[in-house]
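To start, the structure itself, in structure tokens.
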Amino acid sequence: DENGRPIGTKVFKPQEIYTVVNGVPPDLIVYFGNLFWRSVGSVGLNTIHTFENDTGPDDANHDQYGIFVLVAPGQKSGQRDGLHLMDVAPTVLKLLDVDVPEDMEGKVVE
């Protein structure tokens, strides 16, 4: 970090994370400081870090397996593990009081 402390960078091969890869995957996936830091496309900064990126401060949220944030009436709060991208559609349908098709992949997040 800016004070010389290790930031806990992690490096993954795509096949260690994804069961299926479409197209050409990256050679490596790097999480600088467990995604609290990121690389930027700028060169020639005369420093090893920056608090700005090409478009301004990075306010994005990143996660190795994705983030699903839901706030809805009657929905209990708290972290849940084991969710999948396919769980979003049936959950939204249920919240809209629309029947979830039986053949739809994913489950309703309660």
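Key figures for this structure:
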quantity	calculated
Karplus-derived 3J(HN,Hα), 6.51/-1.76/1.60, for each residue of the stretch 15-31, Hz, glycine and proline x	5, 7, 10, 9, 6, 9, 10, 9, x, 9, x, x, 5, 9, 10, 10, 10
Rounded to the nearest 10 Å², the accessible area of R38 at probe 1.4 Å	110 Å²
Sites V21 and L45, calculated FRET efficiency, Cβ-Cβ separation with R0 25 Å, nearest 0.05	0.20
Cut-off 15 Å between beta-carbons: net charge of the residues surrounding P90, Lys and Arg +1, Asp and Glu -1	-4
FRET E, pair N34, L70, Förster distance 30 Å, beta-carbon r, rounded to 0.05	0.80
Qualifying lysines (Cα of each under 18 Å from Cα of K107; at least 8 residues distant if same chain)	K76, K94
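The values are calculated or read from the model by the stated rules, or taken from the named source; none is laboratory data. Being a predicted model, the structure only gives us computed values, none of them experimental. All Cβ positions, glycine included, derive from the backbone under ideal geometry; neighbour counts span all protein chains shown. Remember, those area values only see protein heavy atoms, side chains included, never the ligands or the DNA or RNA. Shrake-Rupley method; radii C 1.70, N 1.55, O 1.52, S 1.80 Å.
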